[in-house]
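Below is one structure, written out as structure tokens; the observations come after it.
The values are calculated or read from the model by the stated rules, or taken from the named source; none is laboratory data. Bear in mind the structure is a predicted one, so any value in this text is a computation, not a measurement. Cβ: placed from backbone, ideal geometry, glycine included. Neighbour counts: every protein chain shown.
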Amino acid sequence: MPNTPPSSPCAPNIAGKAAVALRDATPADIAAISEIYTHAVLHGTASFEEIPPGAEELGKRQKALLAGGFPYLVAIDAQTGIVCGYAYAGPYRVRTAYRHTVENSIYVAPTHHGKGVGNALLAALITRCEAGPWRQMVAAIGDSNNAGSIALHRKHGFQTTGTFYKVGYKFGQWLDSVLMQRPLHSNADMLPGPLSTNPTLASTNGDIPARPARVEK
């Protein structure tokens, strides 16, 4: 599986922002993750899911990502000790030629919006992915009016590569999907190893395991 180093605690954010520590997520975090994601599904357009999947399903998705060697992080409020956000990277597409590209997902508790939690999570996630075998990171942002997420990704070097117009329908309105992308490591051409060196890939039909990360979009 891809080899990424464990997370280490993160220093408090700048003045006026929440002080958080980041670490690898575990199954014990699923209840808090479920609470955050349920609110995002029911009240926001970042996710195109309309019915919250529940803790059991989110646990299965987390397990699949961790088994594939992908980074999955949580942010812990330094004052309360509670999980106030989470982020992970997962496969971008199922065909094997896409195996060097990941897609990110970031969700922050509504009590911590605007406090730098998403910024800390995305910075750490990029660092983790750059320590792994991946070369590109993609973000599929629900709703072209999601200015906060678009600005956050642009701050971390993402560029808008395209927009799918009116591909989602939620809360009685048509929603766009904005695609953003940034290179990992550098823009220099880097030739990957052969397919056989990555044991997370299936070899029977040219596919990689199911994409648990995309389910949440």
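Pairs meeting the criteria (first residue in the range 72-96 and under 11 Å from I33 (Cα atoms), second residue of a type in the set (S, T, N, Q) and at pLDDT below 95, beta carbons under 6 Å, at least 6 apart or on different chains) are L73/S7.
Restricting attention to the range 105-119, the residues being without any contact (Cβ under 8 Å) to a residue 60 or more places away in the chain and within 16 Å of the chain's Cα centre (by Cα) number 2. Here the condition is being modelled with pLDDT of 95 or more, among the aromatic types (F, W, Y) and touching a Ser or Thr at 6+ places or on another chain (Cβ under 6 Å); of F171, F164, it holds for F164 alone.
Looking only at residues that are without any contact (Cβ under 8 Å) to a residue 24 or more places away in the chain and either part of a loop (DSSP other than H, G, I, E, B) or of a type in the set (A, V, I, L, M, F, W, C) (or both) in the range 28-43, which one is nearest to A75 (Cα to Cα)? Spell out the reasoning first.
Residues of the range 28-43 without any contact (Cβ under 8 Å) to a residue 24 or more places away in the chain: 28, 38, 41-42.
Pick out the ones that are also either part of a loop (DSSP other than H, G, I, E, B) or of a type in the set (A, V, I, L, M, F, W, C) (or both) and you get 28, 41-42.
On the way: A28: 14, V41: 19, L42: 22 Å.
Out of the qualifying residues, it is A28.
Screening A67, A28, A32 for residues that are more than 23 Å from S177 (Cα to Cα) and touching a Cys at 6+ places or on another chain (Cβ under 9 Å) leaves exactly one candidate, A32.
Scanning the range 134-151 for residues that are among the hydrophobic types (A, V, I, L, M, F, W, C) and touching a residue at least 40 places away in the same chain (Cβ under 8 Å), we see that the one that is farthest from G69 (Cα to Cα) is I141.
At least 3 residues being surrounded by 13 or more Cβ atoms within 10 Å (Cβ to Cβ), touching a helix residue (DSSP H, G or I) at 6+ places or on another chain (Cβ under 9 Å) and of a type in the set (A, V, I, L, M) is the threshold, and among the strands (runs of 3 or more DSSP E) wholly inside the range 129-187 those reaching it are 136-142.
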